[in-house]
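The values are calculated or read from the model by the stated rules, or taken from the named source; none is laboratory data. A quick note: this is a predicted structure, and the numbers were derived from the prediction, not measured. Glycine also receives a Cβ, built like all others from the backbone with ideal geometry; neighbour counts cover every protein chain displayed.
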Amino acid sequence: MAHIYFRQHERDYFISPLSASPADLPAYLFDAQSVEARGLIEHRASGRAEAYFLHFDHRRLVLRHYRRGGLPRHLSNDRFIWPGLRRSRPWRELVLTARLRELGLSVPVPYGGHIRRQGFSYTADILTDQIPGTRSLADLAASDMPAPIWREVGRVIRRFHDAGVHHADLNVRNILIDDNPSVWLIDWDRGHLHASAAMKARSLARLKRSLSREPALASAANSGWPVLIQAYEDGP
């Protein structure tokens, strides 16, 4: 099981898996305005959780600010009720991602997280490795993705499910494919081990909905999805 290092400065907590060097990341790396002021941002990706792609100390990292979805976002889009440090979103995501790497699953290196507590609530950010040479399933599917890649996506998802892993938001933008092509699953917020069969089925249904919701992917959903599911059912 992954072990987490943390340090506290007043209301700020900085956390990192001991297996992911360096443990002491500069505090400014967890603040989008600070890294932008230092010229470290290469580009950004928008979505429910905006991600910043940055370079630091010969590494390429991804900074993601935790945001709320669904109805709670109308009350606050980035503030969560404080559950204790070890039950906070970044702590749990770092522990899970480090554990998935120990299991040999294709996830990014988790470098660290930042939590700022304010009374009974907190905001948070996480830093992970930027996987080189990747494109999202959404991007590739929109450009007539070949059947072998669809099959590999299905096999990799099955590999995670066979390990008992549940991804809480499996969609076409949280699946990355590199030049090999190898398939990676990112954004493990609210994910966990010991997934039930029903959870796995819901995860696949969520992925299918994310394909069918985008008009540019409609053709891909019709032709590629059966290939993906067949590979999933056949196993890794």
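In the stretch 166-199, the residue that is surrounded by the fewest Cβ atoms within 10 Å (Cβ to Cβ) out of those that are more than 18 Å from residue 91 (Cα to Cα) and among the β-branched types (Val, Ile, Thr) is 183. Criterion applied to 153, 107, 95 was being closer than 20 Å to residue 210 by Cβ and either of a type in the set (Phe, Trp, Tyr) or under 14 Å from the mean Cα position of the chain (by Cα) (or both), and the one residue passing it is 107.
Does at least one position in the stretch 74-92 carry a residue that is polar (S, T, N, Q), crowded, with 18+ Cβ neighbours inside 10 Å and within 24 Å of residue 172 (Cβ to Cβ)?
To start, the set of residues in the stretch 74-92 that are polar (S, T, N, Q) comprises 76-77, 88.
The next check asks that each one be crowded, with 18+ Cβ neighbours inside 10 Å; those that pass are 88.
When the remaining residues are screened for being within 24 Å of residue 172 (Cβ to Cβ), the result is none.
So far as the stretch 74-92 goes, no, none of its residues is polar (S, T, N, Q), crowded, with 18+ Cβ neighbours inside 10 Å and within 24 Å of residue 172 (Cβ to Cβ).
Could we say that residue 169 is of a type in the set (Asp, Glu), free of Cβ contacts under 8 Å to residues at least 60 places away in the same chain and not assigned by TED's automatic domain parsing to the domain that holds residue 93 here? The answer is yes for residue 169.
If we keep just the residues of the stretch 112-147 that are in contact (Cβ under 8 Å) with a residue 40 or more places away in the chain, over 17 Å from the mean Cα position of the chain (by Cα) and in the same structural domain as residue 26 (by TED's automatic domain parsing), which is surrounded by the most Cβ atoms within 10 Å (Cβ to Cβ)?
Restricting attention to the stretch 112-147, the residues satisfying the condition of being in contact (Cβ under 8 Å) with a residue 40 or more places away in the chain are 112-118, 121-138, 141-142, 144-145, 147.
In the following step, the residues that additionally are over 17 Å from the mean Cα position of the chain (by Cα) were identified as 115-118, 121-123, 141-142, 144-145, 147.
Then keep just the ones that are in the same structural domain as residue 26 (by TED's automatic domain parsing); that gives 115-118, 121-123.
Values: 115: 25, 116: 16, 117: 17, 118: 10, 121: 12, 122: 23, 123: 17.
Filtering the stretch 112-147 for residues that are in contact (Cβ under 8 Å) with a residue 40 or more places away in the chain, over 17 Å from the mean Cα position of the chain (by Cα) and in the same structural domain as residue 26 (by TED's automatic domain parsing), the one surrounded by the most Cβ atoms within 10 Å (Cβ to Cβ) comes out as 115.
Residues of the stretch 160-199 that are within 17 Å of the chain's Cα centre (by Cα) and among the charged types (D, E, K, R): 169, 173, 178, 187, 189, 190.
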